[in-house]
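Structure, as structure tokens:
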Amino acid sequence: MAEKQGQYRMYVGGKWIGQDLNQIRITNPATGDVFALVPDGGKAEAEKAVKSAFEAFATWSKKTAEERSQYLFNWHRLIEEQKEVIGRLLTEEQGKPFKEAVGEVSYANGFISWYAEEAKRIYGETIPASHPRKRILVQKQPVGVVAAITPWNFPAAMITRKVAPALASGCTAVVKPAEQTPLTALKLAELAEMAGIPTGVLNVVTGNAQVIGETWLRDSRVRKLTFTGSTEVGKILMRGAAHTVKKVSLELGGHAPFIVMDDADLDKAVEGVIGSKFRNAGQTCVCANRVYVHESVAAAFTEKLVTAVQQLRVGNGLAEHTDIGPLIDRKAIEKVQRHVDDAIEKGARLAIGGQRKISDAGYYFEPTVLFDAADDMVCMNEETFGPLLPIATFQEEAEAIERANDTPYGLAAYVYTENIGRAIRISEALEYGIVGLNDGLPSVPQAPFGGLKESGIGREGGHYGIEEYVEVKYISIAF
Ligand code: ADP
């Protein structure tokens, strides 16, 4: 078992270990209380996990696709049965409202069932040869041991999105969850064990990020790094992966523009921006970061938006009617405040919110909307990762596209318009991996999620996602 009275252990080589190590304190961001302890693992545990994953690879990769699929379906069933238990744990360590947490568990589990099916469809190819007595065969083989490093904003989904395609394709995995949210990861590992997934196929190591990351990057048995997190850390890891030329997938930061054209359905646009911006208290990499609204509809849009924001209830994620939970920690609160203060200093006007909520013990910040945002404000360029929405206006379509693209990021962008030609034109011109066209919530297991530019490399989800975990082998046959 992962846990006994708030004391967790990590899962390495089919064993629950680490009680004898120093312990990391896990805080509930809704209250500031420490409610669990996890082992502070390092090099020894990271190496043990790789050894175990490497040994398991020999047999796991030789199983039939049907067998691997069955294991994943077993895991899926157990997660489905316990989704409220996992959801509660997720809310306690991460803060998001319970309903949203259970939604995340379902979303996370969607990757497992999707890849349980896709395991059976990792097709190769035959190519016409240039000689009558030759044949060309192309196979897809699992990469090997995969190291996954994940963030705290989606403690369940960021793990299954990597581990499910890895396991489906025959890879084995070593996972390091974020230090703030390891409990959901450990619970998922416990259910994987219950599902009968063999020893060593999935390992979860908790502890010192830098030491564990470095150990895995230097180990030539680890053939692939898959990371979701900040662009800053992604660059460090990409450099580290160069030591042994590992395959890499990186899902990094974003700075999503949300464009509202003069012909948009404003009610739909408001609904879309609320979902996109305030889900998970603004702590997702595809959250709308900046709105560009056509000047002719700016007043009407903002009025509807402010009315909708007034309805949002901030509070403990376990309270029944909470729409927005706390932010992850004090640093997160301070960053939002810094972005708000900078914008106001540079001439933005506060439409609603703007303050941290100090009546509660946790890390709460009011949902905030700013008018008159300008391109030189920090919040218009850097990821706020909090419930702050700055609104700028524009006059011409080309201007909106240019300002939307003027960033080193390229993950998600949103555009609202009822004009089909314009919709296609703008979607194609946006330099982003994901475009939500009249859609504020585009992430689903069957679609390719990923970014351009400094937002990352590779895609997760859908049949594209499995390509990240296979190597193409060409067998040239002469007879
Ligand atoms: P965030 O800003 O969302 O916390 P980070 O990029 O700092 O994003 O963290 C994402 C994940 O990367 C976490 O699991 C964290 O522990 C891990 N991490 C942070 N720094 C390093 C590092 N130097 N090496 C390996 N992993 C790291």
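Computed from the coordinates by the stated procedures, all read-outs in this text should not be read as laboratory data. Here the structure is a predicted model, which means the values were calculated and not measured. A quick note on method: Cβ atoms are made from the backbone with ideal geometry, for glycine too, and the neighbour counts reach across all protein chains shown.
Note on region 238-336: the alpha carbon radius of gyration divided by the globular reference 2.2 N^0.38 Å gives 1.41.
Its Cα gyration tensor gives the chain an equivalent ellipsoid, and the semi-axes of that ellipsoid, as √(5λ) in whole Å with the largest first, are 38, 29, 19. Scanning residues 5 or more positions from S249 or on other chains, those with amide H under 5 Å from its amide H are L225, T226, F227, with H placed 1.01 Å from N in the peptide plane.
Across region 256-437, the relative contact order, built from alpha-carbon pairs under 8 Å that are at least six residues apart, equals 28 percent.
For region 341-402, dividing the convex hull volume of the Cα atoms by the residue count gives 89 Å³ per residue. Going by neighbour counts of Cβ atoms within 10 Å, the residues R459, R403, R161 line up, fewest first, as R403, R459, R161. At 20 °C and 1.002 mPa s, grab the translational diffusion coefficient of region 256-437 from Stokes-Einstein with a Kirkwood Rh over Cα pairs, rounded to a whole number in µm² per second. Using the Kirkwood radius from Cα pairs, D works out to 132 µm²/s.
Backbone geometry of region 57-71 corresponds, through the Karplus equation with coefficients 6.51, -1.76 and 1.60 at θ = phi - 60°, to 3J(HN,Hα) couplings of 4, 4, 9, 4, 5, 8, 5, 6, 4, 4, 5, 4, 4, 4, 4 Hz, x marking Gly and Pro.
The Kirkwood radius of region 283-330, taken over pairs of alpha-carbon atoms, gives through the Stokes-Einstein law at 20 °C and 1.002 mPa s a diffusion coefficient of 163 µm² s⁻¹. The H on the amide N of Q23, modeled in the peptide plane, is under 5 Å from the matching H of D40, each at least 5 residues off or on a different chain. Shown for M238, M1: other C-beta atoms within 10 Å of each C-beta, ranked fewest to most, produce the order M1, M238.
Phi angles across region 304-309 convert, under the Karplus curve 6.51 cos²θ - 1.76 cosθ + 1.60 with θ = phi - 60°, into 3J(HN,Hα) values of 5, 5, 4, 4, 5, 5 Hz, Gly and Pro given as x. Each residue in V12, V297 was given a count of other beta-carbon atoms within 10 angstrom of its own, and listing them fewest first yields V297, V12. Scanning residues 5 or more positions from V293 or on other chains, those with amide H under 5 Å from its amide H are V260, A392, T393, F394, with H placed 1.01 Å from N in the peptide plane.
Rg/Rh for region 91-186 (Cα atoms only, Rh after Kirkwood) is 1.20. For the peptides 2-8, 283-289, 122-128, the ranking by mean Cβ contacts within 10 Å, running from highest to lowest, is 283-289, 2-8, 122-128. If you take every residue apart from G458 with its C-beta less than 12 Å away from the C-beta of G458, what net charge results, scoring Lys and Arg +1 and Asp and Glu -1? Charge balance near G458 sits at +1.
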